Every structure is written in C-alpha cells, then in structure tokens.
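One structure is given below, encoded as structure tokens.
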Amino acid sequence: MTPTGDSPDDRAYVPRHSVEGPPGAPVLVLGPSLGTTMDLWRPQLPELTRSWRVLRYDLPGHGGSPVPDGPVTVAGLADGVAALLDRLGVAAAAYAGVSLGGAVGTMLALRAPGRVASLVLVCTSPRFGEPGAWRERAALVRRDGVAPVARTAADRWFTPSFTGAEPYVEMLRGTDPEGYAGCCDALAGFDVTARLPEVSAPTLVIAGAQDGPTPPAGHADRLAEGIPDAGLVVVEGAAHLAGAERPGPVTEAITAHLDRTWKGLGR
Ligand SMILES: O=C(O)CC1=CCC(=O)O1
C-alpha cells in the first residue's frame, strides 16, 4: 500500500465508500473493524444521517474494497481516508471508528491533525496485543482462508447471550483472505501508545464492558488516559462490536460527543 510518507497524496489507496445524509451537512467518516464491512454501522445510520453527511468506507478486501498490491499499514489506510476526503473536497471531518477502524482514525488524527475535527474511538486500542499473534493469524488465513476465523468470530465479537451475530459473521465469510491477512499485518505493526499525547482532536473513547480483544483495562483506558482530555464511556452488556450489540447507548454516546464538538465543521 502506498504511500507511507507523512503527507497523503495522489498515490494513496482509495477504499470503496458510500456517502449518505443531507448535502451540505458536516461530514462524519465511519470506519469498520477487521472482518466487517461498512454495514457494521447500519444500526447507527438513521440517527447519524439526520444531521451528518456520513462517509462510510470498506477496509482492503472487505465489502467491495480492492486488495492493494503492497503491504497494508494503518498509516496507509489513514492516508487512504485522507485521499478520499480530498476527492470529495472535504477539508475536515469528524471521524468514528471501531477497532481497526478506530486505529485508522487515531492515525489520521496524528498524521493530518487539521482534518479530524472530532474523534470517537469505539472498542479499539493504541496497540492490539502481541504482533506475533497477528502475524500467525495472517499466515493462517493466507493458508486456509477466512473460514477458521469466521468460526470463532461470534465468540470474539459478542457476549454469549447475543442472538444477532449471523449478519456480522457473514461479512467476515465474504472477506477476501489476502485483504483480511493484510489487515492483520497492519494490526501487527500498529503501536501509537507513545504518541497519544499528540492527538489534538476532541476525543471520546467507547468500550464494551465485556470486550475480549480490546478490553477496557489495558486498551480503552490507555487511549482515554493518553489522549489529552479524552472522555471514556463503558457500555455494559456489550463485547467487541458494541455498536451492534447495544446500538442505543453507543449511538447516544457518539451523538452527544459530536454535538459537543462539531464546531468548525460548518453546521
Ligand atoms: O479479532 C477480531 O476479530 C477482533 C478485532 C481486532 C482488531 C479488529 O478490528 O477486530
């Protein structure tokens, strides 16, 4: 994936995307998680498109996004979002992202601070555990496809009592193995722990109380403690895909934060 330099440019990977909501409204970018598509955000769309022009995108090999030629990095994905904003003529936007999508938002806020007016980080982390585990998962998927990770996805993503997992697992089954593996490589190489104090966007961190992959302790709390003045909301009865399992409280937390921090985005 190109480029990995400090400024987005014409060579950036541009993901598949969709734009909904009132023309002229301030733009809100929504980033999905590993193994899901932009439809991860479907439960939030009716509320968010009332007052935001919502730009959703797909990760490489996920949904309809192509698989790039070179290695996938979180910096490259952030540059892709910046390139998308360039194409759409958007100078600055609010950004909300889940897990890997949240990492992309954090990286965008670091690489292009002027473009992120407000940031919401949902079930994500400044560092997703040991890089070796992600390299192993990438190797597994390159060898056996996405079936092995799809079989265990509901357990990683939801609490045991949740009955609506199937449409989300189906997104993972439809993911291109090389795209998925590339995103695992990107997670392996991602660690912005030391740079969190540089994030200047007003930030809200949302965690699922029962999240296994990025639990509140050691992940959400690190983001909230590291990013200046960040808020933290922990949603009970939710695991990793908290916005799917508990759409009400997650949507409410997002809209409350955006309503407080939209200033400068022309609404
Ligand atoms: O392992 C999973 O499926 C959970 C996850 C970690 C990063 C991400 O985006 O999803």
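The values are calculated or read from the model by the stated rules, or taken from the named source; none is laboratory data. From a predicted model like this one, the values you see are computed outputs, not experimental measurements. Cβ atoms come from the backbone with ideal geometry, glycine included; neighbour counts cover every protein chain shown. All accessible areas refer to the heavy atoms of the entire protein, side chains included, with ligands and DNA or RNA removed. Shrake-Rupley method; radii C 1.70, N 1.55, O 1.52, S 1.80 Å.
Of note:
- Taking 0.36 nm per residue of sequence separation and removing the Cα-Cα distance, the D191/S18 pair yields an extension gain of 59.4 nm.
- Convex hull per residue volume in Å³, alpha carbons only, for the range 195-259: 75 Å³
- DSSP beta bridges in the range 17-261 [antiparallel fraction, %, rounded to 5]: 20 percent
- Proximal charge balance of G61 [Cβ under 10 Å; K/R count +1, D/E count -1]: -3
- Between the listed residues L121, H240, L187, the Cα displaced farthest toward the positive end of the dipole of the chain, a dipole computed from Cβ unit charges relative to the Cα centre, is found at L121.
- Accessible surface calculations at 1.4 Å, restricted to protein heavy atoms, place the chain at 39 Å² per residue.
- Derived scalar couplings ³J(HN,Hα) [the range 209-215; Karplus, 6.51 cos²θ - 1.76 cosθ + 1.60; whole Hz; x for Gly, Pro]: 4, 9, 5, x, x, 9, x
- Shape metrics for the chain, restricted to C-alpha atoms - Rg then Dmax, Å: 16.6, 49
- Extension gain for E47 to A147 (0.36 nm times residue separation, less C-alpha to C-alpha distance): 32.6 nm.
- Most mobile of P249, P60, P167 in a GNM of the chain (Cα contacts under 10 Å): P167
- Apportionment of accessible area to carbon and sulfur, the chain, percent (1.4 Å): 52 percent
- Each part reduced to its alpha carbon centroid, the range 154-192 and the range 22-44 end up 16 Å apart.
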